[in-house]
1. Please label the shape of the stretch 73-113 as rounded, prolate or oblate, based on the square roots a ≥ b ≥ c of the eigenvalues of the alpha-carbon gyration tensor (a/c under 1.5 means rounded; beyond that, a/b larger than b/c means prolate, else oblate).
2. What shape does the stretch 54-194 take by its C-alpha gyration tensor, where a ≥ b ≥ c are the square roots of the eigenvalues and a/c under 1.5 counts as rounded, a/b above b/c as prolate, and the rest as oblate?
3. Taking the dipole about the Cα centre of the stretch 67-153, with the C-beta of Lys and Arg at +1 and of Asp and Glu at -1, give me whichever of V149, S129, V102 is farthest to the positive side.
4. For the pair R193 and A19, how long in nm is the line joining their label points, each one 7 Å along Cα→Cβ?
5. Which order do the peptides 174-181, 105-112, 193-200, 16-23 take when ranked by the mean count of other beta-carbon atoms within 10 Å per residue, highest first?
6. Which shape class applies to the stretch 136-230: rounded if a/c is under 1.5, otherwise prolate when a/b exceeds b/c and oblate if not, where a ≥ b ≥ c are the square roots of the Cα gyration tensor eigenvalues?
7. Give me T221, T96, T134 sorted ascending by neighbouring Cβ count inside 10 Å, so fewest comes first.
Amino acid sequence: MNTTGSPAEAPEACQQLAASGHSQLIVLHYNHSGRLLGRAEPEDGGLGVLRGLFVAVSSLVVLENLLVLAAIVTRMRSRRWVYYCLVNITLSDLLTGLAYLVNVLMSGPQTFHLAPASWFLREGVLFMSLAASTFSLLFTAGERFATMVRPVAESGNTKRGRVLGFIGLCWLLAALLGLLPLLGWNCVCAFQRCSSLLPLYSKAYILFCVVIFACILATITVLYGAIFRVVRANGQKASRHPVRRKARRLLNTVLMILVAFVVCWGPLFGLLLADIFGSNVWAQEYLRGMDWILALAVLNSAINPLIYSFRSREVCRAVLGFLCCGCLRLGLRGPGDCLARAAEAHSGASTTDSSLRPRDSFRGSRSLSFRMREPLTSISSVRSV
């Protein structure tokens, strides 16, 4: 595309555009980053198959988490601390899907009609939702570790209050992290400090986010690694075959959690680091067309419900009962076993048939001087998280 002049040569004009909140500021930054190379005009951004795929991914994330959230809220009677953790994870993943859907629909030609504040809000809400999702995973891993490896006696109300307080803290930190560029940590008119992938974001801010997310990943890995060792040790001590089988399943779940997180987030970390430490010329040459990597990170929010929710029998019954009841209200009668399962879900939603109940079997093989305060229910298990 034909440029309107080098932005670096007209700082006064750039500052005037920034002060007035004009959308031409977006064009200047995208032009400097090389994101407009190959386009005849900024508006030449069509929908295309790739963006359609991104819309499909975000729609899958939204529908899947909406289903799980509705099932948990309406069908599960338990209000233990893990219930709030599951609701928090599902809600943050639902927001991630919605934010990414809005981001995709407002990208392309619409990008160059946005005011700078709207652009920062579009990207910031997506950063916030991704941060809320990872903070939720970290908090849940910490609670799993505290409950299973380092149990502390406390009343149910105290536990619930502490969990709700930490959930509120997760959302507060996520909102702050996502909105920092809108609040002033950006590179408006300071083009040499700008990212090539996110042309109005400062490389320093992106590095800060990468460090935060990398620390979260490392902490989650350490916590689940500790849980892994405990479960494996107790499984080896168990003399009964069913207990060993449940232990293996718990270990498989822990591995699924770690592998899914690393596979989905690892490429995004690598891409952002390449953007931060590579030159602008190198980034313009090699980092174009990498939007699918962000879609892969968002896809983690579709995998989370499968691991954190559907691996719990209690949540599975809640989802199945929710779906069957919906079909019955519409006058649709499914297979007999579906109706039977729906009835079972309605009558046994609060049962303690748990993916962490193997812990109760392990308890006899552990020489512990302390006493576990709470019975371990299905969604309080490693297998459900």
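Bear in mind that the values in this text are calculations on the coordinates, not laboratory data. Model, not experiment: these values are computed from the prediction. Don't worry about glycine lacking a Cβ; one is built from the backbone with ideal geometry, like all the others, and counts go over all protein chains shown.
1. Prolate shape, in that a/c is at least 1.5 and a/b is the bigger ratio.
2. In terms of gyration-tensor shape, oblate.
3. Highest projection toward the positive end goes to V149.
4. The modelled label-to-label distance comes out at 2.0 nm.
5. Peptide ranking by packing, descending: 193-200, 174-181, 105-112, 16-23.
6. Note, shape of the stretch 136-230 comes out oblate.
7. T221, T134, T96
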